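Here's the structure we're looking at; comments come further down.
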Amino acid sequence: MSELTQCNYCSLVAIKARAKHEKKEVTLMAARAFKTGIPNGIDVYVHPRGLVVRTMPVGARQKYHVSWFMELSDRCVC
């Protein structure tokens, strides 16, 4: 990782701060490989409060998709 690049944890903190400012929610979901169904990273969705993204069809929730992380640490690793 470059010294000038944020880690995924810090990127998620920024996404959450922006969502809070816009009065929205952030949902994290395990991304699944289409053919195998094996978890393949983490999808990040920002959506209006009260909307349950987890129960929406994949195509319908794509408009709320803002990021994908291969891995997400539990602390900053910048």
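Bear in mind these aren't lab numbers, they're just calculated from the coordinates by the rules spelled out. Computed from a predicted model, the values in this text were never measured in an experiment. Counting neighbours? That spans all protein chains shown, and the Cβs are built from the backbone with ideal geometry, glycine included.
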For the chain, what D do you get in µm² per second when you plug the Kirkwood radius from alpha-carbon pairs into Stokes-Einstein at 10 °C and 1.306 mPa s? 118 µm²/s
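Calculated from DSSP H runs of 4 or more alone, at -39500 (n - 2.57) each and per residue, what is the 222 nm mean residue ellipticity of the chain, nearest 500? Numbers along the way, then the final one.
Details: 2 runs with 18 residues, N = 78.
-6500 deg cm²/dmol, from helical runs alone.
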Neighbourhood net charge (15 Å Cβ-Cβ; Lys/Arg +1, Asp/Glu -1) for ILE42: +1
